[in-house]
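Participant: Quick one: the structure is below, questions incoming.
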Amino acid sequence: MTAAATLPELTRRPPTGRIGRTVPIAATIIRLWLLWRWLRLKRSIWGAEAMTEATHQFHRAAALAVVRRAIRQQGLIIKTCQFLGSRADILMDEYVRTLSLVHDQVPPRPWHEMRPIIERELGMTLAEAYAEFDPRPIAAASLAQVYRARLHDGTPVAVKVQYPGIEDTVRWDLDVIELLANIWARLETVIDFRPIAQEMRRNAPEEVDFFHEGHAAEEVARLLASRNDVVVPKIYWERSSRRVLTMDFIEGIKISDVETLKAAGVDTAQVAATLIDLFNTMILKFGVFHADPHPGNLFVIPGAPGQPAKIALVDFGLTKIIPEEFRAQLIVLTSAIVQQQPELITDTMTGMGFRTRTEDSETYNALGEAFLGDVLRSGKPYADQEMVAEVNERLGRVLRNNPLVDVPGDVILIARVMGLLSGLGKTLDSRTDLLAALIPYLDPDAEVAS
């Protein structure tokens, strides 16, 4: 039986309350961790080759267990799986194939629960607000679901509606994630997930505020207005509120649906190149960027014959504006990593807010190489599993001797975006020269050597 065949049965209501949200996911993760430790012991006794099939069976079962639990939990746990399922560059295929199912398998909430939210938030009946409204959701995500409708002037729109009680669910899930991050920090020493949990807590209020999301979409649209390869949906404020957001309906192909893209004549490598340039522009040129580019938030609009495809960005709930000083520091750090300047890397990282237990340049240089240097100098368009494993092993040795104690929250989001883009690069069969794509944003007058 496949994972996809088993998921539709998981349509029960998600648990509520701090204990109800904590116990199931904690039990799932701890159980899988114990099984993995047991498998590692057996691999050390009988050898990795003899345990190859058992290892694949474990990972398939573990991935499915995580997805089943996430779909039952919903909320921020879904978001976590969406992120991991997009990391085709570093995760085994068992996890990528299975975790990516949460983009399409989140059980929608029934219409009788959602309609009152729309009418209460907009202060009018559904018929007064829209000429047509299809009660069947076209997408169900971690915090909201989306419907197709039509305004009275005939404009086709998408209407995003938050789930009832989602603010409480988010608050409980943040507690769960922090608890698990703290437990992990006691069990493992190489990677500390606590800064990520803290950053999630900082960003959560904005993700459940559609006023913030709508204004963020408008700001990104303004900054990218001169580009003809990106589409940002228009917001209709007269039909929007803190929990309901009405925007242009976009007809596009999900960016990870490679078969459909190719059938439509789309050059996926060109899409990957556009995506990299788009995020270089947002992060390094403007300091304002969409910080959640998983496949559910990116669509491709095929161009006319002979014309390149466009990328449509949706869901701006996690949009980051970085201070100008930090943006300048990020450009300096990136240039220092590219040019392998250890002293400048150390000075810049400490200036940005990185802190390790003992200040030494070896740790900061290892972080810089892991952050960007290795993939740039590899000549590859994305960090593959072999490279990531090598980087993690090398970085792990350094951090065991001198652990990180503080990481700037903005860097965590940028690293997350880079990871998602790397995963999409592999999915899209990217051929982009990352160094050549990056240099113009570090020095507009620089020429890239062939």
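Participant: Under 10 Å, Cα contacts only: if you run a Gaussian network model on the chain, which one of Glu213, Glu53, Glu369 comes out with the highest mean-square fluctuation?
Facilitator: It is Glu53.
Participant: Among the listed pairs Lys262/Lys320; Lys160/Lys380; Lys160/Lys320; Lys234/Lys285; Lys234/Lys320; Lys160/Lys254, which have their C-alpha atoms separated by more than 29 angstrom in this model?
Facilitator: Exceeds cut-off: Lys262/Lys320; Lys160/Lys380.
Participant: Using only Cα positions of segment 248-291, each an equal point scatterer, no hydration layer, compute I(q)/I(0) via Debye at q = 0.15, 0.25 Å⁻¹ and quote the log10 values to two decimals.
Facilitator: Debye intensities relative to I(0), on a log10 scale: -0.49, -0.90.
Participant: Below 8 Å, C-alpha to C-alpha, sequence gap of six or more: please give me the relative contact order for the chain in percent.
Facilitator: It rounds to 15 percent for the chain.
Participant: Output ³J(HN,Hα) for segment 231-248: one whole-Hz value per residue in order, computed from phi by the Karplus curve 6.51 cos²θ - 1.76 cosθ + 1.60 with θ = phi - 60°, and x for Gly and Pro.
Facilitator: Listing the rounded values in order: 10, 10, x, 6, 9, 9, 5, 5, 10, 9, 8, 5, 10, 10, 10, 10, 9, 4 Hz.
Participant: Given points 7 Å out from each Cα along the Cα-Cβ axis, report the Thr125 to Arg37 separation in nanometres with one decimal.
Facilitator: Here the modelled spin labels are 6.2 nm apart.
Participant: Tell me which GluC sites (Glu not before Pro) from segment 130-195 have a DSSP coil assignment and no more than 13 other beta carbons within 10 Å of their own.
Facilitator: Loop-located and lightly packed - Glu188.
Participant: Given the rule -39500 (n - 2.57) for each run of at least 4 DSSP H residues, summed and divided by the residues of the chain, what is its mean residue ellipticity at 222 nm, to the nearest 500 deg cm²/dmol?
Facilitator: -17000 deg cm²/dmol
Participant: Please work out how much length the chain gains when fully extended from Trp237 to Gln339, using 0.36 nm per residue of separation minus the C-alpha to C-alpha distance, in nm with one decimal.
Facilitator: 32.0 nm is the gain from fully extending Trp237 to Gln339.
Participant: Please compute the modelled spin-label separation between Ala27 and Arg377, points set 7 Å along Cα→Cβ, answer in nm with one decimal.
Facilitator: With each label placed 7 Å out from Cα toward Cβ, I get 4.9 nm.
Participant: Tell me, what ³J(HN,Hα) does each residue in segment 357-372 have, in order and in whole Hz, if you take phi through Karplus 6.51 cos²θ - 1.76 cosθ + 1.60 with θ = phi - 60° and put x for Gly and Pro?
Facilitator: Values, residue by residue: 4, 10, 6, 8, 5, 4, 5, 5, 5, 4, 5, x, 5, 5, 5, 8 Hz.
Participant: Just want the ordering: Leu428, Leu223, from fewest to most Cβ atoms lying within 10 Å of their own Cβ.
Facilitator: Leu223, Leu428
Participant: For a Förster distance of 41 Å, can you work out the FRET efficiency between the beta-carbons of Gln57 and Ala415, rounded to the nearest 0.05?
Facilitator: 0.85
Participant: In addition: Can you give me the Kirkwood hydrodynamic radius for segment 253-450, using every pair of distinct Cα atoms, in Å to one decimal?
Facilitator: Kirkwood hydrodynamic radius for segment 253-450: 17.8 Å.
Participant: Next question, about the same structure. Cα gyration tensor of segment 164-244, axes a ≥ b ≥ c as square roots of the eigenvalues: rounded (a/c below 1.5), prolate (a/b > b/c) or oblate?
Facilitator: Oblate is the answer for segment 164-244, as a/c is 1.5 or above yet b/c matches or exceeds a/b.
Participant: In segment 227-254, whose amide N lies under 18 Å from the spot 7 Å out along Cα-to-Cβ of Glu132? List them in ranges.
Facilitator: The answer is 247-252, whose backbone nitrogens lie closer than 18 Å to the label point.
Participant: Right, here's the next one. Among Lys320, Lys234, rank each residue by its count of other Cβ atoms within 10 Å, from fewest to most, as a rough exposure measure.
Facilitator: By the 10 Å Cβ count, ascending: Lys234, Lys320.
Participant: Oh, and also: I need Arg194, Arg18 ordered by Cβ neighbour count within 10 Å, fewest first.
Facilitator: Fewest to most other Cβ atoms nearby, the residues stand as Arg18, Arg194.
Values quoted throughout were computed directly from the atomic coordinates according to the rules given, and no laboratory measurement underlies them. Everything numeric here is computed off the predicted structure, so don't read it as measured data. With ideal geometry, Cβ positions are generated from the backbone for all residues, glycine too; neighbour counts draw on all protein chains shown.
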